[in-house]
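Structure record follows, encoded as C-alpha cells.
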Amino acid sequence: MKNGFTLLELLLVLVILSVAMAVVGPAIGNRLTSSDPRRTIRQLRATMELLRVRAIQGGKEEVLVIAPHQNTYWSERDGRIVTVPPEGGELSARGRWVRPEGEVEFRFYPDGTNSGGEVWVAQRRGVTVTAYVLSLDPLLGTVTISLAKE
C-alpha cells in the first residue's frame with residue numbers, strides 16, 4: 001500500500017492544471033474585462049450618485065450630459081468623456097433639458113434633488129434585446145436601476 005503521491009504523479013497533475021489554465025484563463029479574462037449593459041448602467045448610477053454628493057457638499061449644481069448619438073456621457077465640471085463600447089450597450093435618455101445636438105442634461109442640485117428623467121442601456125444580440133433603465137427621482141434625489149419591460 002502507498003502512503004502519498006510520487007513526484008511523477010504530482011508533476012503530471014501540475015501539467016494538467018497548467019494546460020487547463022492556459023486554455024480557460026484567457027476566456028475568463030475576456031469575460032471579466034469586456035463590458036456589458038449591467039456594468040455600464042452601474043457605472044452611470046455611480047457617476048450620478050457622485051454628482052449628487054458633489055452638489056450637496058459644494059453647494060453648486062452639477063450636470064451630467066448623456067450623448068446618445070455618440071454613445072458617450074460626461075460631467076460638465078470634469079469634462080472627461082466616457083465612451084460606452086458597443087458591447088457595453090447603446091445609450092438613450094429622456095430628461096427635462098435636451099440640447100440642440102440631442103444631448104440630454106441631468107442636473108443635480110445642492111438640496112439633494114435632481115432634474116429627473118431616465119437613461120436606458122440596451123444591448124441587441126440577434127433578435128434578443130436586453131435593456132436596463134436608470135430612473136432619477138427628482139424629489140428624493142435617488143437613482144434606481146431596473147430591467148426594462150418590453
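What to note about this one:
- Angle in degrees between helix 37-58 and the longest Cα principal axis of the chain, rounded to the nearest 10: 50
- Once each of the trypsin sites (Lys or Arg not before Pro) sitting in a DSSP loop with at most 15 other beta-carbon atoms within 10 Å is removed, the chain keeps 3-59 as its longest stretch.
- Per-residue Cβ neighbour rank within 10 angstrom, fewest leading, Y132, Y109: Y109, Y132
- Cα-based convex hull, region 37-147, per residue volume (Å³, whole number): 89
- Placing +1 on the Cβ of every Lys and Arg and -1 on the Cβ of every Asp and Glu, with nothing else charged, gives region 79-150 a dipole about its Cα centre of roughly 80 debye.
Each value in this text was obtained by applying a stated rule to the coordinates, not by laboratory testing. None of these values were measured; they are calculated from a predicted model. All Cβ positions, even for glycine, are placed from backbone atoms using ideal geometry, and neighbour counts span all protein chains on display.
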